[in-house]
Amino acid sequence: MTGFFSLLFFESGWNVHSFVDYGLSVLRHRGGSLSLICWKSGDRVSCEEYGNGETRDRPRSRAVVTALLDRRRVDEHVVRGDRVAVVSDRPSRYLGEVAGIVEKALASAKPHEELSKHLRVLKDVDVPTFTAVSSREEVVAWRSSLGLTPLAVGGYGFDMAVTSTETSLIEVLDADVRRHLLPGEGLYISKNQVRLFNSGSSSRCRLCLFELLYTARHDSIVDGVSVYEFRKKLGESLGRYLESRVDAIVGVPETAIPYAIGLSRSTGVPLEFGFVSTAREARSMLKECVRDRLVAVHLKLNPVRRVLEGKSIAVVDDSMVTGSTLKTVAQLLRYRIGVREIHVFIASPKLVSTCPYGVVALDPETLISAHLDELSIEKYLDVDSVNWLRDEDVDSVADLFRIRLCAACFGRDLVGEGR
Amino acid sequence: MKVLLVGSGGREHALAKLITSSQMSAKLYVLSDYANPGLMREAELSGGKLFVATTTFPENVVKIAELVSPDLVVVGPEEPQFHGVVDYLRERGFYVFGASRRCSSIERSKVFARYLMWKHSIPGRLYYVAFKSLDDAREFVKYAGDVVVKPARQVGGKGVRVIKDTKAFLSEAKHQVKSEAAFKTFEEISKYGDVDYSVLVEQRVDGVEYTAQVVTDGSYVLPLPLVQDHPHAYELDLGYETGGMGCISGPGHLLPFIDQGEYETTQKIVREVLERLQEEVKERYTGAFAGQMMLTGLWGPTAIEYYSRFGDPEISCLLPRVESDFLEVLDRAARGALSGAKVGVSDEVVSVVKAVAPVGYPVSRDEARGHPVTVDVEKIRGLGCEVLYASVELGSDGRTYTKGSRAFEVVCSASSYEEAHRVSELAVSYVTSLDGWPLYHRSDVGSSELVEERIREAERVRRVYRSKHLRGTLGEFFTVWLPGRGVVGNPLLSPLRWEDEDS
C-alpha cells in the first residue's frame with residue numbers, strides 16, 4: 001500500500017521541508033519503503049529519494065509531490081518527464097499515457113478542461129489515482145474513475161493547498177480538510193488558478209475495503225466515513241459469532257483496537273489492553289519480507305501478563321493474511337502466558353485472492369485462507385476457534401455508511417463484475 | 001431627482017441599479033475612475049451621464065458636483081472617504097450619503113477600530129498589538145504564536161496573512177513566514193502615510209464569516225440582511241485573499257448558519273461601535289457601515305474589521321432582495337431623517353452573487369489586465385439574473401477590457417440556494433473573453449454542499465462559545481501556564497518562544 005500528498009504554496013517564503021517530513025510520517029503506517037519527492041529543479045522536474053542531505057539543501061519550490069512507494073515497483077508508480085512528473089498510488093501500465101495527457105493539458109490555456117476531456121476518454125480504463133507536478137510549479141491531483149483509493153483536499157489560510165491520500169495528513173499539517181474528491185474528480189492547482197474538474201466516474205466505482213479495514217489511520221475520514229466508526233461497527237458485527245464463554249477481549253495492536261472495542265460493546269465482554277508495542281508504526285502486514293514482518297510482529301507484542309493468565313480470551317484482528325501474526329499471538333498466549341482458551345475473531349471475510357487493481361500487494365501463494373480449510377487453520381494456529389465476518393456482515397455495515405466497497409481480495413470482485 | 005454617484009466598480013453598479021429603480025425617478029450621474037460600461041449605461045438610460053476623473057481628489061468631485069448640482073451625492077468606495085471627498089462636498093452644501101474622513105477612520109485604521117473596541121469593552125474584540133517600526137514588529141514576531149499579520153491600514157481588503165500556528169513541530173517554518181509577512185506589510189503601508197501604525201498582529205480565530213451592513217444617519221440605524229462573502233480566490237476556499245469572489249444572502253435577515261440571537265448580538269456590536277465612533281471623532285456618521293464579522297468559539301459574534309461603506313460584493317447580494325425604495329433610504333440618511341425608515345426585503349428569496357475575474361487576479365494583475373471580454377446581458381436576464389460591471393473599462397475600439405481585478409458580478413436569486421446556485425452557474429457561462437484569456441469564478445459559492453459545510457462549522461464554534469458563556473470566560477484565552485510565573489493570558493504569544501526565552 002502506498003500514499004501520496006502534494007503541496008502548493010500560493011505565498012512565497014515557505015520552507016517545505018518540515019511539511020514534507022511530517023507529511024511522510026503520517027503516511028508511514030501505509031507501508032511503502034521509498035520516500036519520493038518530485039519538484040521543480042532548475043527548469044525541469046526532478047524526482048528523487050527524499051531524506052538525504054542533498055534534497056534538503058535544494059532551493060525552495062512552491063509545489064511538491066511526495067509519496068511513499070513500494071521500492072520494488074517504483075517504475076510502475078512514477079513517470080518523470082522534463083516538464084511533468086506523475087506519481088500514482090498503485091502500479092499501472094497507463095501512467096505513461098496519463099503523463100502525456102497531463103503534459104499536453106498543462107501546456108494549454110485551460111488545463112482543467114483538457115484534463116477533463118482526455119481523462120474522460122479513459123473513464124472505463126483502470127487509470128489509478130495520481131498526482132502530478134510540473135516544472136512551472138503546477139499540481140494536478142485526480143482520483144481514479146473507479147474510486148478504489150481515496151483522495152482529499154485541504155487548505156491552510158491564504159497560503160497553501162494540500163491534497164492527500166489521507167485526511168489525517170491534512171490535519172497534522174495544521175491545515176483544514178475541505179473535502180474528498182469523488183471518483184473521476186480532479187483538481188488543477190497553480191499560483192494563478194485552482195480548478196476542479198470532473199471526467200466522470202465509472203459505473204463500477206467502489207472504495208477498496210482494505211483501505212477502511214487496515215490501511216488508513218483511525219483518525220482519517222474516507223469518503224465521509226470515519227475509519228474508526230467503520231471499524232467499530234465491523235467489530236460489533238463480530239458479536240454474533242461469539243458462541244463460547246470468554247473472559248476478556250484483546251485486540252492485536254494497533255489496527256485491531258477499534259474492532260475489539262466494537263466486539264466488547266456488542267457482547268458486554270470486557271476489553272483489555274493485552275499487549276504493549278515496543279516499536280511504533282509496526283505495520284507488520286506491509287513489510288516486504290518474512291523476516292521484517294516477524295520482527296515487526298514480535299516488537300509489537302509484549303503481553304500484559306496478569307490480565308490474560310488463566311482466562312478464556314477472544315483475540316480480534318482486522319484480517320488474516322498469512323496467519324503469522326495470529327500464530328505468534330496464539331503461541332504467546334498459550335505457552336508464555338498460559339491462557340485457558342483462545343478464540344480468534346477476524347473482522348473481515350476470508351482473504352482468498354490477490355488484488356486485481358494493485359491496491360494491496362497480496363501474494364496469492366501466501367494467503368492462508370486460500371489454501372487451508374477452517375479446521376486446518378485452527379489446528380495450525382493452535383486455537384480453539386477461528387471466526388470470520390461474512391460478506392453479508394460487511395455489506396450491511398457498508399449500507400449503514402452508504403458506501404459501495406470493492407472486496408475483490410475477499411473473493412468478490414464487485415468492480416470487475418460490473419464490466 | 002438628480003443623484004451623483006462617486007465610484008467605479010461592481011458595488012457602484014449595484015447602487016446605480018438600486019437608485020435608478022426608485023419611484024423618485026432619479027437621473028443618475030456617475031463620477032468614476034474609469035469608463036465602466038455598466039455604470040455608463042445606467043447613467044445614460046436614466047438621462048444622466050458618466051464622468052471620468054480620479055475619485056480620490058476632492059477637487060475633482062466638487063467640480064463635477066457643481067456642474068451637475070445633484071440633490072444627493074452617494075460616495076461608494078472607502079478611498080474617496082479617506083481622502084476627505086465627503087467633507088469637501090458637505091462643506092459646499094451638498095447632501096452626501098457616505099462617511100466623512102474622520103468617521104471613515106474606523107475602516108482606514110484597523111488599529112483605531114481595535115482600540116475603540118477595547119476602550120469601551122465592546123464584546124467580540126480580539127487581542128492585538130500594533131507597530132510603527134519594522135524592527136519592533138519583527139522583534140515581537142519572534143515571540144508570536146497563533147496570529148494574523150495584517151496591514152494596519154485598509155488596503156483594498158488585501159494583505160492579510162493568517163498564520164495558523166497550533167503545532168509546535170511546524171512552528172519554526174511559520175516563524176519565518178510571520179517575519180517576512182511583517183516586512184512585506186511594512187513595505188506596503190509605507191506607500192500611504194496616512195496612518196501612524198504599519199503592522200497589526202492580531203489573535204487568530206476561526207469560524208464562519210459574515211457581513212452585517214447597516215445604513216445610518218448618525219442616530220437611527222437601519223440594519224440590512226446579513227450577507228456572507230467568500231474571500232478566498234479559488235474553489236474550496238483555497239488560495240489568496242481577495243476583495244470577495246461571491247456572496248450569499250437570505251432567507252430573511254439571517255443566514256442558514258446564523259441564528260436570531262447571534263444576529264441580535266451582532267447588531268448590538270455594530271450599533272455600539274457606531275455610537276462610540278461618533279463620540280470619539282465628534283462627528284455624525286452618515287452613510288453605510290458594515291461589520292465584517294466571524295462567528296467564533298471565543299466570543300460568538302466577533303468583529304474582524306469594519307467598513308465605512310457597503311461591502312463589495314455584499315451590496316450586490318441585496319440587489320434582488322430589496323423591495324422598497326432604496327434611494328429614499330439613502331436620501332433620508334443623507335438628510336438626517338432616517339428615523340422610522342424601513343428596508344423591505346423579500347424574506348423567502350435567497351441570492352447568490354459570483355464574481356468573474358481574469359486569471360492573474362489577484363496577484364498577477366498585469367497579466368489579468370487588458371483582455372477584451374463580453375457579456376450576453378439578455379441571456380443572463382433570461383435566467384432571471386443580473387450582471388454587474390466591475391473592474392472593466394470601455395476601450396477606444398468600443399470593446400470592454402479587463403482592468404485586472406474582478407471583472408463582473410453575476411447576481412441571481414431564487415427560493416432556494418440550490419436553485420440560485422444552479423442558475424448562477426449558467427449565468428456565469430455568458431461572460432466570456434474574446435482573446436482566449438481564461439476567466440474564472442468559484443463554482444462552489446452558493447452550493448448546498450458549501451452552505452451545509454458552513455452550518456456544521458457554525459455548530460462547532462457555537463458549542464464552544466456557548467460553553468464559554470456559561471463558564472463566564474467569553475473572549476478569554478489562556479495561552480500557557482508557566483510554573484512560577486502563572487498563566488499567560490496573551491493569545492498573541494507562543495508558548496514555545498516563552499520557553500526559549502527562559503533557557
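The values are calculated or read from the model by the stated rules, or taken from the named source; none is laboratory data. On a predicted model such as this, the values are computed, not experimentally measured, just so you know. We place every Cβ from the backbone using ideal geometry, glycine too, and count neighbours over all the protein chains shown. The protein model used for the area step is the full one, side chains on, heavy atoms only, and it has no ligands, DNA or RNA in it. Shrake-Rupley method; radii C 1.70, N 1.55, O 1.52, S 1.80 Å.
See the values below:
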quantity: Residues of the stretch A:371-417 classified as assigned to a helix (DSSP H, G or I) and farther than 28 Å from residue A:150 by Cα, total; calculated: 9
quantity: Every residue from the stretch B:44-87 that is assigned to a loop (DSSP other than H, G, I, E, B) and over 28 Å from residue B:25 (Cβ atoms); calculated: B:54, B:56, B:57, B:83, B:84
quantity: Some residue of the stretch A:182-197 being within 14 Å of chain B (Cβ to nearest Cβ), in contact (Cβ under 8 Å) with a residue 40 or more places away in the chain, buried (at least 24 other Cβ atoms within 10 Å of the Cβ) and farther than 25 Å from residue A:43 by Cβ; calculated: yes
quantity: Hits in the stretch B:215-266 (condition: open to solvent by 10 Å² or more (accessible area, probe 1.4 Å) and at positive phi); calculated: B:218, B:236, B:237, B:252
quantity: Enumeration of residues in the stretch A:13-61 that are of a type in the set (Asp, Glu), outside any strand (DSSP E or B) and modelled with pLDDT of 85 or more; calculated: A:21, A:43
quantity: Meets criteria (open to solvent by less than 50 Å² (accessible area, probe 1.4 Å) and either under 21 Å from the mean Cα position of the chain (by Cα) or more than 23 Å from residue A:261 (Cβ to Cβ) (or both)) for residue A:377; calculated: yes
quantity: Among residues of the stretch B:434-469, those that are among the polar types (S, T, N, Q) and within 10 Å of chain A (Cβ to nearest Cβ), counted; calculated: 1
quantity: Hits in the stretch B:160-203 (condition: open to solvent by less than 60 Å² (accessible area, probe 1.4 Å), basic (Lys, Arg) and at the interface with another protein chain (Cβ under 9 Å from one of its Cβ atoms)); calculated: B:161, B:164, B:167, B:174
quantity: Scope the stretch A:152-166; condition within 14 Å of chain B (Cβ to nearest Cβ) and closer than 25 Å to residue A:406 by Cα; matching residues; calculated: A:152, A:153, A:163, A:164
quantity: Criterion violated by residue A:114 - all others in (1) among the charged types (D, E, K, R); (2) under 20 Å from residue B:439 (Cα atoms); (3) open to solvent by less than 30 Å² (accessible area, probe 1.4 Å) satisfied; calculated: (3)
quantity: Residue in the stretch A:167-181 that is farthest from residue A:26 (Cα to Cα), counting only those that are in contact with a helix residue (DSSP H, G or I) (Cβ under 7 Å, 6 or more places away or on another chain) and more than 11 Å from chain B (Cβ to nearest Cβ); calculated: A:168
quantity: Filter result for residue B:39 (in contact with a strand residue (DSSP E or B) (Cβ under 7 Å, 6 or more places away or on another chain), under 23 Å from residue B:315 (Cα atoms) and not in a helix (DSSP H, G or I)); calculated: no
quantity: All positions within the stretch B:155-206 that are among the aliphatic types (A, V, I, L, M), outside any loop (DSSP other than H, G, I, E, B) and farther than 22 Å from residue B:231 by Cα; calculated: B:168, B:170, B:173
quantity: Subset of the stretch B:128-154 that is closer than 20 Å to residue B:494 by Cα, part of a loop (DSSP other than H, G, I, E, B) and open to solvent by 20 Å² or more (accessible area, probe 1.4 Å) - its residue that is farthest from the other protein chains (Cβ to nearest Cβ); calculated: B:143
quantity: Count of residues meeting criterion [in contact with a helix residue (DSSP H, G or I) (Cβ under 8 Å, 6 or more places away or on another chain), at negative phi and open to solvent by less than 20 Å² (accessible area, probe 1.4 Å)] in the stretch B:82-127; calculated: 18
quantity: Residues that are open to solvent by less than 10 Å² (accessible area, probe 1.4 Å), among the aliphatic types (A, V, I, L, M) and more than 18 Å from residue B:85 (Cα to Cα), drawn from the stretch B:27-40; calculated: B:28, B:39
quantity: Strands (runs of 3 or more DSSP E) lying entirely in the stretch B:221-279 (those with 2 or more residues that are closer than 19 Å to residue B:309 by Cβ); calculated: B:221-223, B:227-229, B:246-249
quantity: Any chance residue A:177 is touching a Phe, Trp or Tyr at 6+ places or on another chain (Cβ under 8 Å) and either open to solvent by 10 Å² or more (accessible area, probe 1.4 Å) or over 30 Å from residue B:150 (Cβ atoms) (or both); calculated: no
quantity: Considering residues of the stretch A:301-319 that are outside any loop (DSSP other than H, G, I, E, B) and surrounded by 21 or more Cβ atoms within 10 Å (Cβ to Cβ) only, the residue farthest from the chain's Cα centre (by Cα); calculated: A:308
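Here is a yes/no grid of residues against (1) under 25 Å from the mean Cα position of the chain (by Cα); (2) touching a residue at least 60 places away in the same chain (Cβ under 8 Å):
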site	(1), (2)
B:8	yes, yes
B:19	yes, yes
B:35	yes, yes
B:45	no, no
B:55	yes, no
B:75	yes, yes
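Yes/no matrix, rows are residues, columns are (1) modelled with pLDDT of 95 or more; (2) farther than 22 Å from residue B:258 by Cβ:
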| position | (1), (2) |
| --- | --- |
| B:156 | no, yes |
| B:179 | no, yes |
| B:183 | no, yes |
| B:193 | no, yes |
| B:211 | yes, no |
| B:225 | yes, no |
| B:233 | yes, yes |
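Residue-by-condition table, conditions (1) surrounded by fewer than 21 Cβ atoms within 10 Å (Cβ to Cβ); (2) among the β-branched types (Val, Ile, Thr):
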position: A:354; (1), (2): yes, yes
position: A:357; (1), (2): no, no
position: A:360; (1), (2): no, yes
position: A:365; (1), (2): yes, no
position: A:371; (1), (2): yes, no
position: A:383; (1), (2): no, yes
position: A:390; (1), (2): yes, no
position: A:395; (1), (2): yes, no
position: A:398; (1), (2): no, no
